[in-house]
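Undergrad: I have a structure here, written as structure tokens, and I will follow up with some questions on it.
The values are calculated or read from the model by the stated rules, or taken from the named source; none is laboratory data. Computed from a predicted structure; not experimentally measured. For neighbour counting, all protein chains shown are included, and Cβ atoms are generated from backbone atoms with ideal geometry for every residue, glycine included. Surface accessibility is based on the protein's heavy atoms, side chains included, excluding ligands, DNA and RNA. Shrake-Rupley method; radii C 1.70, N 1.55, O 1.52, S 1.80 Å.
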Amino acid sequence: MSENKIRVLIVDDEQAIRRFLRVALTSQGYAIFEAASGADALADATAYKPDVIVLDLGLPDIDGVEVTRLLRQWTQVPIVVLSVRGSEGDKIAALDAGADDYVTKPFSVGELLARLRAALRRAAQPKGEPVFASGDLRVDLSRRLVTVENREVQLTPTEYGLLRVLVTHAGKVITHHQLLREVWGTGYEQEFHILHVNVSNLRHKIEHEPARPQFITTEPGVGYRLKTD
Amino acid sequence: MAENDSRPNPDELLAQVKTEEEQKKRGKLKIFLGYCAGVGKTFAMLEAARQQKKEKDVVVAYVETHGRPETDALLAGLEVVPRRRVEYRGVMLQEMDLDAVLARRPRLAIVDELAHTNVPESRHPKRYQDVEELIEAGIDVYTTLNVQHIESLRNIVMQISGVWMHEAVPDSVIDKAAEIELVDLPPDELLKRLKEGKVYVPDEAARAAAGFFREGNLIALRELTLRTAAVRVDDRLRAYLQAHAIRGPWPAAERILVCISPNAQSAQLVRTARMLASQLYAEWFAVYVETPNDVRLSPEERNRVLDNLRLAERMGAKTVTIRGDSVAAAVTEYSAKNHITKIVIGKTQNRWRRLFGVAVVDQIIRRSKQVDVIVATAEEKPVKQERAALGMPFIDWRAYLPPLLLIAVATLLGHAVHSYFSPANIIMIYLLCVVVTAVFWGFGPSVMVCILSVLLWDFFFVNPHLTFAVEDTQYIFAFVTLLLVGLSISYLTTRIRQQTDAAQSRESETATLYGLSRTLAAVIGLDSSVRAITDSTKETFGLDAVIFLPDAQSKEGLKPHVDDPDVEVGENETAAAVWCFQHQKVVGHGTDTLPNARARYFPLSTARGTVGVMALLLTGATSRFTAQQTRLLEAYADLAAVAIERTQFAEKARSAEILETTEKLQTALLNSISHDLRTPLVSVIGVLSSLQEEGIELDDAARRNLIQVAREEAERLNHLITNLLDVTRLESAALRVSRQPCDVEDIIGAALEQLGSRSDTRPVRIEFAEGLPFVFGDFGLIVQVLVNILENAFKYSPPGSPVEVSGRKTGNLVEIEVADRGVGIPEQDLLRIFDKFYRVQRPDSVVGTGLGLAICKGIVEAHGGGITAENRPGGGTIIRVTLPVADEGSRDAGARA
């Protein structure tokens, strides 16, 4: 019956939100499943095996971050969390626990759809393409070649490592902790200074206007995101 | 809201008033009165106490049984408060423990021997004062008293028995007693008991015992006692009749005035007046007239006046001190004004003055028209009076020497000119000396000069020269006249001088008070007022003053305010001040209560109650205040009380004002916010309902347009709510600032990103100094600051006009500037734009909440930075934000791995 429709599990205790999400997502061709609580979410995830989960962090029974953790214990299904402005801590915790991306309430449906697509794309290609292209930027991971407007850009090993991680997670948000861990290693999770300096240097090398980056965008208080088209 | 909690609850107020009223209820005093020791007063009192014990909480505070077994037996079963042991001069003495009884709070306390004198160092010198304190605390008291210890009867007792009683209880205490029970025993029975050894006689009286316990005496004393009790009973009957509007056989209201003078009879006169007043049921006044002559009173006489005034007050008179030129005039004027019906005055001893009819008594008799004048004789003052130490001798011998010199000079001068002038003219030189001496050295020396002048004139200048004989008898006339004139001039000049002195001292007193009241009127604030008072007291009296004010936090309830660090205020001083405050009486040195304190405490009272206590620390030099000084001090205390009350009122008015303003603001805010919150919803609901409406036909473009409007309005509402929440969080300090090193470039980028479409149409020029360091702060919050500032810049400048963002390092801070080419901000608003809900007043007012910049300020200041606005030369505004630099080692404190 679903005809290979992509299955989305919407987890939110607000009925109104579930309703409009159902309408919006169905119109985009997704198959919708709804859960109103953390317990239901865990049960439905097992039962319906959705392709992507939209998870509200402010659930009544189990904390959204905890649900993420529990899900990640047995599945790698992409999770996009719905968070409230001001609770940066929760957002970061969810992302660190394994969520792929987030949108802040109130959000526009377009934004959510973009995030869902990005998350799904990642899931579909775990290894990722060897060449990343977006706008004037081209990153060839197999050849360690980075070009902007077809001009090669010289990067330090650290900067390249940073760019590589961003490309691997293209379209998704990566928290500062994750970046530091993946580029510098565990134990460097608090060294924000180094991270920001390197991001700044990287931007100065590959962005048209470093002050208004097109590629490496900042998610305030959370992390960075390499924008895809 | 917190403000509402500060308003008192009406129920609580009512309860408080009731408790206060109950506390103010005085206890009742019952006196067991007897005419002599041994009639059985203590026995009767204890019997009554045992009766009362059946229904009330009775406690024995102090009873002296003298070892008599019948009396001891009565004590059994009664609770006895242990006595206070005091060591005095090496002897262990026992006194009633007043504080223990007060703490115990019985319904009825038994206190024997009302006239007893307490050991020095006790709170009150006399036991009747202890009893008064118990009464005021609401405790009923039974006590015993012998008739000879009643103040107004001491003279009569002395006449009867020949013994002067040392201890006395003021009539005012007895007048206030609710009940007097007469304990009577026929004299022959008393004598029988004495023989049987059943009567306790204190050793000191043993000497007089033989004389005291004669039958004649006892009969007389008994009659006196019966009469005294009868008078009191009559009082109660009279009050009863009055209360029931039954007219009794008593005369219409009499008012009696007695004149107090410095001489020895005054005390006796006061007692006479007191008896007269009580027999006539009249109000009575004790008046002292201060004349210019008083500057010549000896300290002993001054003290006597004060003592007599106090005596009269203790006996229930209203005491008044009037100033005037002559006693008679002042007294008759006062009598006329106050409807006095009888004046009691003493006979002047000075026969000479009586002869000339200028004695005070004669003057008063002459002047008083409708008033009866009662001339009372006074007995010789009883021998047993302490002689006060003689102060400086009154006659100043030194005043007589300069005039002698003057006279010698005058004589020499006369000698020089006597060949040119007749003797009659030379006398003028001498007259001049008389006048000069009278002005500068007083009456005595000028009289001396006068007499000497006559003699010298006769000797040197009247023929025959150098003898006292007189050739021409007409000169005798001159001598006599000269003498008379000289004496008159002396007298008058001295008088004038004295009046001038008196007037001057009065003026300086008034000037001091005026000065103080002006200072206090000009001063604002409690501390300044207190300082003004203490400074003024120091200046006028040379004494340090400490003001005690109520303080809810301190355990005594009063806190001393003192500027001078040398002045120590110890526990004793504070305790005395507390007592003064509670009982609203002048206490301390020179008064009846706590006479050994090192200060005198004045309650600062106004019509509404006591606001504090002023303590004057007495040095060794000043041990007593004159009547004038006491008056001045009391006036000071009144001024101080009013000034302090005024500052308290000012405080209350201010807080009331603030409360009112705050409430007004809150109402205005609520109105404004509810309007702002509703307005976007109007559009949203309007649009959505239009889309729902069946009858409305819309084409795609129109529909898309409507939906866009609704979307924008909804976003605006979101924005407003976000701002309100931020403001609330900033206010309640619930804002969590997690600090990290932040890249300024990153911040600007993120801010512009967030502004999205709004920033697309604007050229934004970004310029950062080389090597701009990171700032230390919360990334998200600082982005918000920049978003708000940029949004403002866009809002208040024409579309398409450029906005410049720059950053540089200054000292330990990073400075970020956002400059626009907009309309600018009026000069006076440059600081106010950072206030909450502030919107620059303009006819083309741009829509907004007025919160954006206030939030920026809150966030920036929470980081330890600052934000300012200034107008740009050439038009536009520059907003400058400074934030602390993140050095290499900066870490968020909580983020240590």
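Undergrad: Restricting region A:39-57 to residues that are in contact with a helix residue (DSSP H, G or I) (Cβ under 7 Å, 6 or more places away or on another chain) and charged (D, E, K, R), which is most open to solvent (accessible area, probe 1.4 Å)?
TA: The residue in question is A:D51.
Undergrad: Let me ask something else about it. Quick one: which strands (runs of 3 or more DSSP E) lie wholly within region B:1-97 and hold at least 3 residues that are open to solvent by less than 60 Å² (accessible area, probe 1.4 Å), within 22 Å of B:I180 (Cβ to Cβ) and at pLDDT 85 or above?
TA: Strands (runs of 3 or more DSSP E) meeting the threshold: B:29-34, B:58-62.
Undergrad: Go over the candidates B:A710, B:A701, B:A714 one by one and state the one that is farther than 25 Å from B:G777 by Cβ, part of a helix (DSSP H, G or I), over 60 Å from the mean Cα position of the chain (by Cα) and within 12 Å of another protein chain (Cβ to nearest Cβ). Spell out how you get there, then give the answer.
TA: Details: B:A710 fails: within 12 Å of another protein chain (Cβ to nearest Cβ); B:A701 fails: within 12 Å of another protein chain (Cβ to nearest Cβ).
Just one listed residue meets the conditions, B:A714.
Undergrad: Separate question: So in region B:769-808, with the set limited to residues that are of a type in the set (F, W, Y) and in a helix (DSSP H, G or I), which one is modelled with the highest pLDDT?
TA: Ranking the candidates gives B:F779 first.
Undergrad: Same structure again: Can you tell me which residues in region A:110-120 are open to solvent by 40 Å² or more (accessible area, probe 1.4 Å) and not charged (D, E, K, R)?
TA: A:G110, A:A114
Undergrad: Select from region A:58-82 the residues that are among the basic types (K, R) and loosely packed, with under 15 Cβ neighbours inside 10 Å and list them in ascending order.
TA: A:R72
Undergrad: Only one of these is surrounded by 19 or more Cβ atoms within 10 Å (Cβ to Cβ), in contact with a strand residue (DSSP E or B) (Cβ under 6 Å, 6 or more places away or on another chain) and either within 13 Å of another protein chain (Cβ to nearest Cβ) or within 26 Å of A:V199 (Cα to Cα) (or both): B:I766, B:I789. Name it.
TA: Going through B:I766, B:I789 in turn, just one is surrounded by 19 or more Cβ atoms within 10 Å (Cβ to Cβ), in contact with a strand residue (DSSP E or B) (Cβ under 6 Å, 6 or more places away or on another chain) and either within 13 Å of another protein chain (Cβ to nearest Cβ) or within 26 Å of A:V199 (Cα to Cα) (or both): B:I789.
Undergrad: Ok, one more. Any residue in region A:184-207 that's touching a residue at least 60 places away in the same chain (Cβ under 8 Å) and more than 7 Å from chain B (Cβ to nearest Cβ): show its pairings with residues that are open to solvent by 50 Å² or more (accessible area, probe 1.4 Å) and not β-branched (V, I, T) at Cβ separation under 9 Å, as long as the two are six or more apart or on different chains.
TA: Filtered contacts from region A:184-207: A:I206/A:D136.
Undergrad: Now a separate question. Tell me, yes or no, whether region B:817-833 has at least one residue that is β-branched (V, I, T), at pLDDT 75 or above and part of a loop (DSSP other than H, G, I, E, B).
TA: Yes: region B:817-833 contains one or more residues that are β-branched (V, I, T), at pLDDT 75 or above and part of a loop (DSSP other than H, G, I, E, B).
Undergrad: Against the definition (under 22 Å from B:F768 (Cβ atoms) and buried (at least 18 other Cβ atoms within 10 Å of the Cβ)), how does A:L162 come out, yes or no? Even if it seems obvious, please write down each step before you answer.
TA: Working: under 22 Å from B:F768 (Cβ atoms): yes; buried (at least 18 other Cβ atoms within 10 Å of the Cβ): yes.
Considered against the rule, which asks whether it is under 22 Å from B:F768 (Cβ atoms) and buried (at least 18 other Cβ atoms within 10 Å of the Cβ), A:L162 comes out as yes.
Undergrad: State all residues of region A:163-183 that are in contact (Cβ under 8 Å) with a residue 12 or more places away in the chain and either within 14 Å of another protein chain (Cβ to nearest Cβ) or at positive phi (or both); if no residue qualifies, say none.
TA: A:G171, A:V173, A:T175, A:H176, A:H177, A:L179, A:L180
Undergrad: May I pose another question? Can you tell me which residue is surrounded by the fewest Cβ atoms within 10 Å (Cβ to Cβ) among those in region B:722-736 that are assigned to a helix (DSSP H, G or I) and within 10 Å of chain A (Cβ to nearest Cβ)?
TA: Here the residue is B:L725.
Undergrad: Give the number of residues within region A:206-228 that are touching a Leu at 6+ places or on another chain (Cβ under 8 Å), under 17 Å from A:V165 (Cα atoms) and part of a loop (DSSP other than H, G, I, E, B).
TA: Summing the residues that are touching a Leu at 6+ places or on another chain (Cβ under 8 Å), under 17 Å from A:V165 (Cα atoms) and part of a loop (DSSP other than H, G, I, E, B) in region A:206-228 gives 2.
Undergrad: Checking B:I524 against (1) closer than 30 Å to B:R304 by Cα; (2) in a loop (DSSP other than H, G, I, E, B), which single condition isn't satisfied?
TA: All conditions pass for B:I524, except number (1).
Undergrad: Would you confirm, using the coordinates I've provided, whether B:V814 is in a loop (DSSP other than H, G, I, E, B), of a type in the set (A, V, I, L, M) and more than 12 Å from chain A (Cβ to nearest Cβ)?
TA: Criteria not met by B:V814.
Undergrad: State whether the residues of region B:769-778 include one that is facing another protein chain (nearest Cβ under 10 Å) and without any contact (Cβ under 8 Å) to a residue 60 or more places away in the chain.
TA: Scanning region B:769-778 turns up no residue that is facing another protein chain (nearest Cβ under 10 Å) and without any contact (Cβ under 8 Å) to a residue 60 or more places away in the chain.
Undergrad: Could you check how many residues of region A:210-219 are out of contact with any strand residue (DSSP E or B) (no Cβ under 8 Å at 6 or more places or on another chain) and more than 7 Å from every other protein chain (Cβ to nearest Cβ)?
TA: So the answer is 1.
Undergrad: Follow-up. Evaluate the following for B:F468: is it within 20 Å of B:L413 (Cβ to Cβ), at pLDDT below 80 and not charged (D, E, K, R)?
TA: Answer is no for this residue.
Undergrad: Please state which one of B:Y475, B:Y491 is at pLDDT 80 or above, part of a helix (DSSP H, G or I) and aromatic (F, W, Y).
TA: One residue alone meets the criteria, B:Y491.
Undergrad: If you don't mind, there's one more thing I want to ask. Can you tell me which residue among A:V77, A:V84, A:V103 is of a type in the set (V, I, T) and under 19 Å from A:K49 (Cα atoms)?
TA: Details: A:V84 fails: under 19 Å from A:K49 (Cα atoms); A:V103 fails: under 19 Å from A:K49 (Cα atoms).
After applying the criteria, what remains is A:V77.
Undergrad: Right, another one. Kindly indicate which of B:G824, B:G807 is open to solvent by less than 40 Å² (accessible area, probe 1.4 Å), touching a residue at least 12 places away in the same chain (Cβ under 8 Å) and under 60 Å from the mean Cα position of the chain (by Cα).
TA: Criteria check complete, one pass: B:G824.
Undergrad: For residues in region B:311-327 being in contact with a strand residue (DSSP E or B) (Cβ under 8 Å, 6 or more places away or on another chain) and assigned to a helix (DSSP H, G or I), which is nearest to B:R274 (Cα to Cα)?
TA: So, considering only residues that are in contact with a strand residue (DSSP E or B) (Cβ under 8 Å, 6 or more places away or on another chain) and assigned to a helix (DSSP H, G or I), the one nearest to B:R274 (Cα to Cα) is B:A312.
Undergrad: I've got another one for you. What tally of residues in region B:737-763 results from selecting those that are at the interface with another protein chain (Cβ under 10 Å from one of its Cβ atoms) and open to solvent by less than 20 Å² (accessible area, probe 1.4 Å)?
TA: The number of residues fulfilling the criteria is 12.
Undergrad: Counting only residues that are in contact with a strand residue (DSSP E or B) (Cβ under 8 Å, 6 or more places away or on another chain) and in a helix (DSSP H, G or I), which one in region A:44-71 is farthest from A:A93 (Cα to Cα)?
TA: Ranking the candidates gives A:Y48 first.
Undergrad: If a residue must be within 14 Å of B:V805 (Cβ to Cβ) and not charged (D, E, K, R), how many such residues does region B:718-753 contain?
TA: Of the residues in region B:718-753, 7 are within 14 Å of B:V805 (Cβ to Cβ) and not charged (D, E, K, R).
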